[in-house]
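Report on the structure given below.
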Amino acid sequence: MKTQLLFLLTLLPFLSFAQAPTDIVDIPDGHFLNDLILQGVDANGDGQIQMSEAQATTRLFLFHGQTPNERIDDLTGIEAFTNLTYLEVGANSIDSLDLSQNTLLDTLYTYGNTMSYLKIGSNPNLIYLDCSLNELMNLDVSQCSNLKYLDCSENLLEKVDIRNGNYENLSYFSIGCYYYNPDCNPNPTCIFVDNIPYFESHFPVDSTYHYVENEQQCADALAVEDFSLFRIDIYPNPVHNWLYIQGLETNAKIALYNLNGKQIIHSTINSPVANVELTSFDPGIYILKISVQNEFKTYKIIKL
């Protein structure tokens, strides 16, 4: 009996060592772990992050624009922070990020990484998203029904889905290229929306981008090889009374929208020239849409 007891006591340290704690969050990136410790997430001071410590955290600021040697490469472990409402991971070296478990986030900054994959998932709380200056090719925020601010500029986007059923809630949308990323958006991009006229009037984009409502419209837009619309002349702009459009093809359709997305002129033109009278319209900005078969382009018109 004494021999058996002694044997069990001898094994006890090894058995304890073999049973790794189950409440420790796996954080393989040392810079990420160090940031968490510096920000006081490690409440018990053991150099690790327990599940309870992660779940008690609501805000994380992980920006490393001024400290490039401390940039984070891997944000594995962020999924345990299920009560986060604010996350700033700008200016790191993260190339993939899954935030589908962080459904309480209302503010998210991921700009200035090398990110080619970003998964948001279903998050009705997300209001602010800045994922600019990355290498994203696809972005889906269709399950973020309360989104108000979206900056996805300076990326390599080919598809953006904003069909969240609450498009009028969006007050800022940027998908353009400026000067920070010379390889920005080299390919035509489909932007999936709930209401094309609304987005064309509120968030005009150049001819690289196509507002569409379904996959067929996207396929049609990307299949267009006749760029004759780019040779259309529209003048004068700004305009007082008459707007002249030259270079149209047969059966071209023109439509004019106000900034509320309401169509106020619609006509089919069967000659190379169209004259549009705007005399009675109120001064302001209007959106002119010209369509030829499956190709269309929008123009901002200023009425004086």
* Asked: Conditions: (1) part of a loop (DSSP other than H, G, I, E, B); (2) closer than 26 Å to C190 by Cα. G45 meets all but one. Number of the miss?
  -> (2)
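Which of the residues that make up the range 48-92 are part of a strand (DSSP E or B), under 12 Å from L36 (Cα atoms) and not charged (D, E, K, R)?
Hits for the range 48-92 are Q50, L60, F61.
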* State all residues of the range 13-43 that are at pLDDT 95 or above, loosely packed, with under 13 Cβ neighbours inside 10 Å and over 13 Å from G77 (Cα atoms); if no residue qualifies, say none. => L38, G40, A43
* Structure fact -> Going through the range 187-207 in order, the residues found to be closer than 14 Å to K159 by Cα, part of a loop (DSSP other than H, G, I, E, B) and in contact with a strand residue (DSSP E or B) (Cβ under 6 Å, 6 or more places away or on another chain) are V193
* Structure fact -> Residue set A219, A223, A252; condition outside the structural domain of Q143 (by TED's automatic domain parsing), surrounded by 18 or more Cβ atoms within 10 Å (Cβ to Cβ) and either at pLDDT below 90 or within 30 Å of C144 (Cα to Cα) (or both); output residue A252
* **Flag for L99 being surrounded by 19 or more Cβ atoms within 10 Å (Cβ to Cβ), in the same structural domain as C177 (by TED's automatic domain parsing), touching an Asp or Glu at 6+ places or on another chain (Cβ under 9 Å) and modelled with pLDDT of 95 or more** => yes
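The values are calculated or read from the model by the stated rules, or taken from the named source; none is laboratory data. Bear in mind the structure is a predicted one, so any value in this text is a computation, not a measurement. A quick note on method: Cβ atoms are made from the backbone with ideal geometry, for glycine too, and the neighbour counts reach across all protein chains shown.
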